[in-house]
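So the structure is just underneath, and the comments pick up after that.
The values are calculated or read from the model by the stated rules, or taken from the named source; none is laboratory data. Remember, predicted model here, so these are calculated numbers, not experimental data. Quick reminder, even Gly has a Cβ in these numbers, built from the backbone with ideal geometry, and neighbours come from all protein chains shown.
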Amino acid sequence: MTTAHALPPSAMSAATLLGGKGVLSTLPRGVMDWIPLVRQGLPSASVDALVRTTRITQAELAHALAIPERTLARRKREGALSPEESAKLVRFARVVERAETVFEDAGAALSWLQDANAALGGVTPMSLLDTEMGADSVMDTLGRIEHGVFT
């Protein structure tokens, strides 16, 4: 059992996944709170926090977000992500948060994101998170699971 399995549901909020107040310098509570953070670019430490919390590798995260690993390494040296990269990272964290809410277990949520899914054309949910439409499809599928609709 990984540490992620033992996390209480509230610990998997998007803000917590991205390092919480210690990394973000504020604790966003809603969409409108995220906008200025994304526009200014998230601290690069948010990547490390997400990797640590989800137990995925930086390479897997880079692939899921369609951000080259070398770019992520450069951003770590620079200290901040670009607004576009920040938006992708927040989108990823919000999907993980939603999956944990639906499955009521961090480990199950992360496993679901990494397993091929027939409702998503046989690909992994994580492989769709590099685009807004893909993330919307994943969120829609999570909503159908939550409401017991498996079409």
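Couple of notes before you dig in:
- The requirement of being under 13 Å from the mean Cα position of the chain (by Cα), touching a residue at least 12 places away in the same chain (Cβ under 8 Å) and in a loop (DSSP other than H, G, I, E, B) is fulfilled nowhere in the range 100-112; no residue meets it.
- Scanning the range 67-84 for residues that are of a type in the set (Asp, Glu) and either within 15 Å of VAL51 (Cα to Cα) or at pLDDT below 95 (or both) returns a single hit, GLU69.
- Scan the range 16-72 for residues that are touching a Gly at 6+ places or on another chain (Cβ under 7 Å), part of a loop (DSSP other than H, G, I, E, B) and surrounded by fewer than 19 Cβ atoms within 10 Å (Cβ to Cβ) and the total you get is 1.
- ALA99 being out of contact with any helix residue (DSSP H, G or I) (no Cβ under 7 Å at 6 or more places or on another chain) and at pLDDT 95 or above: no
- For ALA11, the stated conditions hold: it is modelled with pLDDT under 95, of a type outside the set (Asp, Glu), within 21 Å of ASP105 (Cα to Cα) and under 16 Å from the mean Cα position of the chain (by Cα).
Results for (1) aromatic (Phe, Trp, Tyr); (2) crowded, with 18+ Cβ neighbours inside 10 Å, shown as yes or no for each residue.
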{"residue": "LEU89", "(1), (2)": "no, yes"}
{"residue": "ARG98", "(1), (2)": "no, yes"}
{"residue": "THR101", "(1), (2)": "no, no"}
{"residue": "GLU104", "(1), (2)": "no, no"}
{"residue": "TRP112", "(1), (2)": "yes, yes"}
{"residue": "PRO125", "(1), (2)": "no, yes"}
{"residue": "ALA135", "(1), (2)": "no, yes"}
{"residue": "LEU142", "(1), (2)": "no, yes"}
